[in-house]
Amino acid sequence: MIPFVERFPVVGARETRSVTVTNRQDLPEGEYGFLEFYCGEPGCDCRRVMIDVLRPETGWSKIWATISYGWESLDFYAKWGGAASDPLEMKGPYLDPLNPQTEYSSALLNLFRFLLQSPDYVERLKRHYQMFRDSVQKRSGRQASLESNRIENKRKPLRDHRRRRQHLR
Ligand SMILES: [Zn+2]
């Protein structure tokens with residue numbers, strides 16, 4: 001997973017959701033940023049986002065919660081993941097057990113669920129996913145054409161060689 005803001009710094013800075021918390025029993029006051037990570041594997045279509053909840057109070061470096069979320073139907077993830085994965089977990093939102101969590105994770109998951117009630121936010125995540133995936137495909141396409149160029153260049157001297165021999169004949 002790669003941070004959206006790393007590949008799209010301008011849009012990322014403008015469109016990363018953040019929430020200012022005041023007067024809550026379950027969370028310290030202040031700002032919480034919901035940083036998006038998307039899958040960078042060429043050819044993949046997992047349609048999910050991973051969210052790191054970070055805070056300026058902790059230098060944007062401590063991870064307060066890691067949330068995984070997919071916007072498609074359970075059916076989609078059941079088909080996509082096959083028998084090996086749990087579609088309920090893939091759809092989420094859920095707290096990713098393989099990534100950092102804190103005592104505030106479940107409160108932050110609730111906050112994220114609240115954000116998802118806004119269709120605009122869900123649409124934004126989908127749009128960011130698409131932008132990100134397009135850039136992954138473009139990069140892997142460029143990589144593939146670089147590789148085929150390299151093969152072409154290797155073949156060229158052979159072809160010249162053959163041509164020269166033809167001249168000799
Ligand atoms: Zn993927």
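The values are calculated or read from the model by the stated rules, or taken from the named source; none is laboratory data. Model, not experiment: these values are computed from the prediction. Methodologically, a virtual Cβ is constructed for each residue, glycine included, from the backbone with ideal geometry; neighbour enumeration extends over all protein chains shown. With ligands, DNA and RNA removed, areas are computed over all heavy atoms of the protein, side chains included. Shrake-Rupley method; radii C 1.70, N 1.55, O 1.52, S 1.80 Å.
Brief remarks on what is shown
- Test result for Tyr38, at pLDDT 95 or above, of a type in the set (Ser, Thr, Tyr) and away from the ligand (no atom under 16 Å from the Cβ): no
- Counted residues, region 48-74 - those being closer than 25 Å to Gln137 by Cα and out of contact with any strand residue (DSSP E or B) (no Cβ under 6 Å at 6 or more places or on another chain): 3
- Taking helices (runs of 4 or more DSSP H) as the structural unit, those lying wholly within region 1-119 and holding at least 3 residues that are small (Gly, Ala, Ser) correspond to 105-116.
- In the set (1) among the hydrophobic types (A, V, I, L, M, F, W, C); (2) closer than 18 Å to Val11 by Cα; (3) modelled with pLDDT under 95, the condition left unmet by Cys46 is number (2).
- Answer residue from region 74-91, given it is in contact with a helix residue (DSSP H, G or I) (Cβ under 9 Å, 6 or more places away or on another chain) and either open to solvent by 60 Å² or more (accessible area, probe 1.4 Å) or closer than 19 Å to Ile2 by Cβ (or both) and is modelled with the lowest pLDDT among those: Trp80
- The residue that is surrounded by the most Cβ atoms within 10 Å (Cβ to Cβ), counting only those in region 20-38 that are in contact (Cβ under 8 Å) with a residue 40 or more places away in the chain and among the hydrophobic types (A, V, I, L, M, F, W, C), is Phe34.
- Qualifying residue in region 10-19 (condition: within 16 Å of the ligand (Cβ to nearest atom), touching a residue at least 60 places away in the same chain (Cβ under 8 Å) and either surrounded by 13 or more Cβ atoms within 10 Å (Cβ to Cβ) or of a type in the set (Phe, Trp, Tyr) (or both)): no
- Scanning region 41-68 for residues that are away from the ligand (no atom under 15 Å from the Cβ) and either among the hydroxyl-bearing types (Ser, Thr, Tyr) or open to solvent by less than 40 Å² (accessible area, probe 1.4 Å) (or both) returns Ile51, Asp52, Val53, Leu54, Arg55, Thr58, Ser61, Trp64, Ala65, Thr66, Ile67.
- Considering region 20-35, the residues that are of a type in the set (Asp, Glu) and touching a strand residue (DSSP E or B) at 6+ places or on another chain (Cβ under 8 Å) include one that is farthest from the ligand (Cβ to nearest atom), namely Glu29.
- Residues (within 13 Å of the ligand (Cβ to nearest atom) and in contact (Cβ under 8 Å) with a residue 12 or more places away in the chain) located in region 77-92: Tyr77, Trp80, Met90
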